[in-house]
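Visitor: Before I ask anything, here is the structure I am working with.
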Amino acid sequence: MDMIWMSLVLLVGLLLLLGAGLWVAFALTGTALVALHAFSGIPAGDSLATAFYGASVSWELAALPMFIWMGEVLFRSRLSEQMFSGIAPWVGRVPGRLLHTNILGCGIFAAISGSSAATAATIGKMSVPELTRRGYDRRQILGTLAGSATLGLLIPPSIILIVYGVATEQSIARLFVAGILPGLLLMMLFAGYVGLWSRFNPAGVPAEREASLPLVEKIRRSRPLIPVVLLIVGVIGSIYGGLASPTESAAIGVALAHLLSWRGGSLSWRTFVEALMGTVKTSTMIAFILVGAHFLTVSMGFTGIPRELAAWINTLSLSPYLLLLALTVFFVLLGCFLDGISVVVLTTSVILPMVQAAGIDPLWFGIYLVIVVEMSQITPPVGFNLFVIQGLTGENIVRVARAALPYFLLLLAGVVLITVFPQIVTYLPSRMGS
Amino acid sequence: ETHWDMPTPYGDTNFHTVNIRQFAEDVREATGGELDITVHSSGSLIKHPEIKNSVRRGLVPIGELIMSRLANEDPLFEVDSVPYLASNYEQAWKLWQASKAVLSKRLERQRLKLLFAVPWPPQGIYTRFPVVTGDELRGVKMRAYNKSSERLAELFGAVPTQVEVPDIPTAFGTGRVDAMITSPSTGANTRAWDYLSHFNHAQLWLPKNMVIVNIRAFEGLPESVRQAVEQAAAEAERRGWEASQAETEAKIRIMEENGIVVSEPSEALVKRLRAVGATMEQEWLERAGEDGKALIEAYRAL
Amino acid sequence: MRGFLDSLYRLGGYLSALQLVLIMAMVVLQVLGRILDKLLLAVGLNALGLQVPGLAELAGFLLLGATFTGLAYTFSVGGHIRVDLLHRALPDGVRRGLDLGVTAVALAITGYALWYCGRLAYDSYDFGDVSIGMVPVPLWIPQTVMVVGLAWLAVALADALAGLVSGRIRHLKDESPQE
Ligand code: NA
Ligand code: NA
């Protein structure tokens, strides 16, 4: 089949470029150019220019550097260190101890931010150095971070649910509400796994001295948490208090982080510039990869590969469960090479009709899709959380991906759970509106 | 055999998209497969802001976009968005007949051929409170997304408030905006009942989507295929206008079924809207110059 | 020359940072306007509706600017990521060869992008394209910023390539963790 031949050429091409050590953004762009030149009659250069421009002028995307900046400021203030020492007394007896801060931090941050890359960058900037300093297992630090940061997509607000809602004319408000319980479910799965893992690997979870303190002392030692709580309340509050849109709230977060850092005495001209230049570095890197990924998406749209593959699945006329199984395999494979939003954009047109024909609720399917796309954030070679964490820690994406593998499997378990118990998704939205 | 990719901005269930898919099907059939158009809906291939220039630059031969997007380029493109200038299907059709030639000319300068245009259902007022006389809008935050929507809000005494499309539900839910103007289509498709309660079927204007073709791509087609495309376009236009009317009724019914209070404008409100419309028409004429004046005269003469 | 190039990259970084600061400042002003309105309403006055006109669109343009003017700086500090797993396992000579190869490929892609983005900007200028929001911005302006940013990156890549060829640098700079 022609399609399979084309797909193979492009996959091997992308892998070769990445494997040779070409920068990720260039590898994506290069593959897209090959795809357009070899498999379409489209003017590749003009298409590149339009894609580069269209992908980089984006209001929604403007939240990304803002959140990264917030993380940089917090990292350079004493706030992040204080946050960990404030939480430490409470988790001393919980199996997994401070590893849970990654899960909890990402979960809370996910309620502010709509992207998983911003979640990974912000939380990771604070938690990775602190957990490393305290002697936690490196692999678990990276794994919990990579896995939990994907929650940024599922817990509202979520960029990808907006994209899905707009493309399929589903209510974005309902999709957001539908994402809440599955998000909590995944957090519980992650936390359960960390607890279990630490039972078998006690060496990876150092004891926290503060664990055996009396309650009053624990509360007293939690006082440093106040600024962080204020920050979270300020950002979430600005959204729900009608002061800021979710995108705008990111900039509010930056302003508040500076305010807190100034109050805490760690804001100076030097730390200000350092944080800002750190932001430039990380956000430029991510944005450039996003631009390349968008161009690859466009070129894939022109070659028609994802559509034809999806249409091929359609010809199999599978039962609902088998269809979901086939789609999951399809999305996971596609998600290895494309970013999540691209997967949704490229395939919904073909896939949604077959899903609806099979009697599957499109609202439920949106949440299913987001969890599957979350998995793509941590699968190599193209996984945004892997890129962010490599940029953050210098650890190679292959190592990060290996550390994140259990979380990939837990996300898969989440998919199975919402398939068997669809109420996890549909209950809250069914209580909404009329 | 020629293959065309056609980017469109709206989702698959949107009546514009349904109509365009039918158009592509008709062309395929009429040309015996000689021209094969693949429709890429909801901005999946090229996003709305880039569609016009992509067609102009020959990246894609054909595409769809909302006409009034080009208002900053040339005010003539927002003649269908002047409140109360043409506020039902009959008037909107006349306005389209009067403006077709001049708009086609403008687009030709950009190597674009205007194939056909289909209106959205008439724009009404969405609020979280009843609107009876129009005074209720005084001081409330009304969604604005370009200059004319900003001006409209001002003329109502409302506070123009910038809100991006995906942000609309949150903005209503958290009180950043209290009112907006859009079609019953968009209201029902975004499940407006989740975040607001009232719809006034004020029929302010009927904005249009247009389908454009790159002239070089079009002229590269054999004569017979070109004719087939023109014929399918005429058919799509006729079908689209009917679908739009049916859509208006269907979507209003859906909103009612879901608990939105739908009302017709009172006499007081109509009077108010006329005054606002007259002011905005005058302002539009100032921007649009001689061509605008000629257009309005031609429209009134029909 | 060395010092000039390094300051050139840093200048790009500062420009990028400046645009991020502008985005932040505009949003904060917008939110302050809303807070003011809430206060006015609370004391029974009318809302003023002060806002930054066309905020979303302008922020989008600034974001484009921040991304593209920051490319060369980010490259110069090893911030663009790549999979260098293979590199670490390879003998030094082969590794240098690969680095040379990928830098040349990156330079070629950048040059290609530069040319076509230039054409895009010229085309927008030629046809007088403007943005659709409240503040009509001629599109050639942000598109030219894109071209300038890519040219900046091309200089940085050519610089690295020359360094590798002449042996001035042994290996490409890759991000060191938590610097
Ligand atoms: Na989120
Ligand atoms: Na992936």
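The values are calculated or read from the model by the stated rules, or taken from the named source; none is laboratory data. Predicted, not measured: the structure shown is a model, and the values here were computed from it. Note that each Cβ is placed from the backbone with ideal geometry, even for glycine, and that neighbours are counted across all protein chains shown. We work out accessible area using only protein heavy atoms, side chains counted, and drop any ligands, DNA or RNA first. Shrake-Rupley method; radii C 1.70, N 1.55, O 1.52, S 1.80 Å.
Each row is one residue, and each column tells you yes or no for (1) touching a residue at least 24 places away in the same chain (Cβ under 8 Å); (2) more than 7 Å from every other protein chain (Cβ to nearest Cβ).
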| position | (1), (2) |
| --- | --- |
| C:Leu64 | yes, no |
| C:Ile109 | no, no |
| C:Asp129 | no, no |
| C:Leu161 | yes, yes |
| C:Ile169 | no, yes |
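Visitor: Scanning the stretch A:326-340 for residues that are of a type in the set (Gly, Ala, Ser) and surrounded by fewer than 24 Cβ atoms within 10 Å (Cβ to Cβ), which turns out nearest to ligand 2 (Cβ to nearest atom)? Spell out the reasoning first.
Guide: Of the residues in the stretch A:326-340, the ones of a type in the set (Gly, Ala, Ser) are A:326, A:335, A:340.
From what is left, the residues that are surrounded by fewer than 24 Cβ atoms within 10 Å (Cβ to Cβ) are A:326, A:335.
On the way: A:Ala326: 19, A:Gly335: 5 Å.
Among those residues, the one meeting the criterion is A:Gly335.
Visitor: Is it the case that some residue within the stretch A:285-297 is within 16 Å of ligand 2 (Cβ to nearest atom), open to solvent by 10 Å² or more (accessible area, probe 1.4 Å) and away from chain C (no Cβ under 14 Å)?
Guide: Scanning the stretch A:285-297, I find no residue that is within 16 Å of ligand 2 (Cβ to nearest atom), open to solvent by 10 Å² or more (accessible area, probe 1.4 Å) and away from chain C (no Cβ under 14 Å), so the answer is no.
Visitor: Restricting attention to the stretch B:134-155, does a residue exist that is at pLDDT 90 or above, in contact with a helix residue (DSSP H, G or I) (Cβ under 7 Å, 6 or more places away or on another chain) and surrounded by fewer than 21 Cβ atoms within 10 Å (Cβ to Cβ)?
Guide: yes
Condition check ((1) in contact with a Pro (Cβ under 8 Å, 6 or more places away or on another chain); (2) not small (Gly, Ala, Ser)) across all residues:
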site: A:Met3; (1), (2): no, yes
site: A:Trp23; (1), (2): no, yes
site: A:Gly30; (1), (2): no, no
site: A:Leu33; (1), (2): no, yes
site: A:Ser40; (1), (2): no, no
site: A:Ile87; (1), (2): no, yes
site: A:Arg97; (1), (2): yes, yes
site: A:Cys106; (1), (2): no, yes
site: A:Ala111; (1), (2): yes, no
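Visitor: Pick from A:Ala251, A:Ala244, A:Ala275, A:Ala257: which is more than 20 Å from A:Phe84 (Cβ to Cβ) and outside any loop (DSSP other than H, G, I, E, B)? It would help to see each step written out before you state the result.
Guide: On the way: A:Ala244 fails: outside any loop (DSSP other than H, G, I, E, B); A:Ala275 fails: more than 20 Å from A:Phe84 (Cβ to Cβ); A:Ala257 fails: more than 20 Å from A:Phe84 (Cβ to Cβ).
Selected residue: A:Ala251, the only one of A:Ala251, A:Ala244, A:Ala275, A:Ala257 that is more than 20 Å from A:Phe84 (Cβ to Cβ) and outside any loop (DSSP other than H, G, I, E, B).
Visitor: Related question: Out of A:Ile378, A:Ile360, report the one residue that is more than 16 Å from ligand 1 (Cβ to nearest atom), touching a residue at least 40 places away in the same chain (Cβ under 8 Å) and open to solvent by 10 Å² or more (accessible area, probe 1.4 Å). Walk me through it before giving the result.
Guide: Working: A:Ile378 fails: open to solvent by 10 Å² or more (accessible area, probe 1.4 Å).
Only one candidate qualifies: A:Ile360.
A quick yes/no check of all residues on (1) more than 10 Å from ligand 1 (Cβ to nearest atom); (2) part of a helix (DSSP H, G or I):
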| position | (1), (2) |
| --- | --- |
| A:Ser113 | no, no |
| A:Val128 | yes, yes |
| A:Tyr136 | yes, no |
| A:Ala146 | yes, yes |
| A:Gly152 | no, yes |
| A:Tyr164 | yes, yes |
| A:Gln170 | yes, no |
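Visitor: Answer with yes or no whether A:Ile159 is under 20 Å from A:Ile108 (Cβ atoms) and either within 13 Å of ligand 1 (Cβ to nearest atom) or aliphatic (A, V, I, L, M) (or both). Step through it out loud before you land on a result.
Guide: Values: under 20 Å from A:Ile108 (Cβ atoms): yes; either within 13 Å of ligand 1 (Cβ to nearest atom) or aliphatic (A, V, I, L, M) (or both): yes.
The answer is yes for A:Ile159.
Visitor: Could you give me the residue pairs with C-beta distances under 6 Å whose first residue belongs to the stretch C:45-58 and is at the interface with chain B (Cβ under 9 Å from one of its Cβ atoms), whose second residue is assigned to a loop (DSSP other than H, G, I, E, B) and β-branched (Val, Ile, Thr) wherever it lies, and which are 6+ apart or on separate chains?
Guide: C:Pro53/C:Val135; C:Gly54/C:Val135
Visitor: Out of A:Ile103, A:Ile141, A:Ile112, which single residue is open to solvent by less than 10 Å² (accessible area, probe 1.4 Å), over 22 Å from A:Met375 (Cβ atoms), in contact with a helix residue (DSSP H, G or I) (Cβ under 9 Å, 6 or more places away or on another chain) and away from ligand 2 (no atom under 16 Å from the Cβ)?
Guide: Values: A:Ile103 fails: over 22 Å from A:Met375 (Cβ atoms); A:Ile141 fails: over 22 Å from A:Met375 (Cβ atoms).
Of A:Ile103, A:Ile141, A:Ile112, the one residue that is open to solvent by less than 10 Å² (accessible area, probe 1.4 Å), over 22 Å from A:Met375 (Cβ atoms), in contact with a helix residue (DSSP H, G or I) (Cβ under 9 Å, 6 or more places away or on another chain) and away from ligand 2 (no atom under 16 Å from the Cβ) is A:Ile112.
Visitor: Filter the stretch A:192-223 for residues that are hydrophobic (A, V, I, L, M, F, W, C), farther than 10 Å from A:Arg97 by Cα, surrounded by 12 or more Cβ atoms within 10 Å (Cβ to Cβ) and modelled with pLDDT of 85 or more and give the result.
Guide: A:Leu196, A:Trp197
Visitor: Kindly indicate whether A:Glu60 is open to solvent by less than 30 Å² (accessible area, probe 1.4 Å) and within 22 Å of the chain's Cα centre (by Cα).
Guide: no
Visitor: Residue by residue through the stretch A:376-403, note down the ones that are assigned to a loop (DSSP other than H, G, I, E, B) and not hydroxyl-bearing (Ser, Thr, Tyr).
Guide: We begin by selecting, within the stretch A:376-403, every residue assigned to a loop (DSSP other than H, G, I, E, B); these are A:377-383, A:394-396.
Scanning the stretch A:376-403 gives A:Gln377, A:Ile378, A:Pro380, A:Pro381, A:Val382, A:Gly383, A:Gly394, A:Glu395, A:Asn396.
Visitor: Same structure again: Filter the stretch B:93-133 down to the residues that are part of a helix (DSSP H, G or I) and open to solvent by less than 50 Å² (accessible area, probe 1.4 Å) and list them by number.
Guide: Residues of the stretch B:93-133 part of a helix (DSSP H, G or I): B:93-108.
Across the stretch B:93-133, the qualifying residues are B:Leu95, B:Trp96, B:Ala98, B:Ser99, B:Val102, B:Leu103, B:Ser104, B:Arg106, B:Leu107.
Visitor: Let me ask you something else. Determine, yes or no, whether A:Ser319 is of a type in the set (Ser, Thr, Tyr), closer than 29 Å to B:Asn189 by Cβ and out of contact with any Lys or Arg (no Cβ under 9 Å at 6 or more places or on another chain).
Guide: On the way: of a type in the set (Ser, Thr, Tyr): yes; closer than 29 Å to B:Asn189 by Cβ: no; out of contact with any Lys or Arg (no Cβ under 9 Å at 6 or more places or on another chain): yes.
Answer is no for this residue.
Visitor: For the stretch A:341-393, how many residues are of a type in the set (S, T, N, Q) and either within 16 Å of ligand 2 (Cβ to nearest atom) or in contact with a Leu (Cβ under 6 Å, 6 or more places away or on another chain) (or both)?
Guide: Going through the stretch A:341-393, the residues of a type in the set (S, T, N, Q) turn out to be A:342, A:347-349, A:356, A:376-377, A:379, A:385, A:390, A:393.
With the extra rule that they be either within 16 Å of ligand 2 (Cβ to nearest atom) or in contact with a Leu (Cβ under 6 Å, 6 or more places away or on another chain) (or both), the set shrinks to A:342, A:347, A:376-377, A:379, A:385, A:390.
Selection size over the stretch A:341-393: 7.
To keep it simple, each residue is scored yes or no on (1) open to solvent by 10 Å² or more (accessible area, probe 1.4 Å); (2) within 16 Å of ligand 1 (Cβ to nearest atom); (3) within 14 Å of chain C (Cβ to nearest Cβ).
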position	(1), (2), (3)
A:Val344	no, yes, no
A:Glu374	no, yes, no
A:Glu395	yes, no, yes
A:Arg402	yes, no, yes
A:Phe421	yes, no, no
A:Ile424	yes, no, no
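Visitor: Assigned to a helix (DSSP H, G or I), touching a residue at least 24 places away in the same chain (Cβ under 8 Å) and surrounded by fewer than 24 Cβ atoms within 10 Å (Cβ to Cβ): which single residue out of A:Val34, A:Val73 fits that description? Before you say what the answer is, go through the steps one by one.
Guide: Working: A:Val73 fails: surrounded by fewer than 24 Cβ atoms within 10 Å (Cβ to Cβ).
Only one candidate passes the filter, namely A:Val34.
Visitor: While we're on this one: Output yes when any residue across the stretch B:34-43 is modelled with pLDDT under 95, within 14 Å of chain C (Cβ to nearest Cβ) and open to solvent by less than 20 Å² (accessible area, probe 1.4 Å), and no when none is.
Guide: no
Visitor: Which one of A:Ala55, A:Ala120, A:Ala49 is within 16 Å of ligand 2 (Cβ to nearest atom), out of contact with any Pro (no Cβ under 8 Å at 6 or more places or on another chain), part of a helix (DSSP H, G or I) and among the hydrophobic types (A, V, I, L, M, F, W, C)? Working first, answer last.
Guide: Working: A:Ala55 fails: within 16 Å of ligand 2 (Cβ to nearest atom); A:Ala49 fails: within 16 Å of ligand 2 (Cβ to nearest atom).
Unique residue meeting the criteria: A:Ala120.
Visitor: Test each condition in (1) crowded, with 23+ Cβ neighbours inside 10 Å; (2) free of Cβ contacts under 8 Å to residues at least 40 places away in the same chain; (3) not in a helix (DSSP H, G or I) for B:Leu206 and report the one that comes out false.
Guide: Among (1) crowded, with 23+ Cβ neighbours inside 10 Å; (2) free of Cβ contacts under 8 Å to residues at least 40 places away in the same chain; (3) not in a helix (DSSP H, G or I), the lone unmet condition for B:Leu206 is (2).
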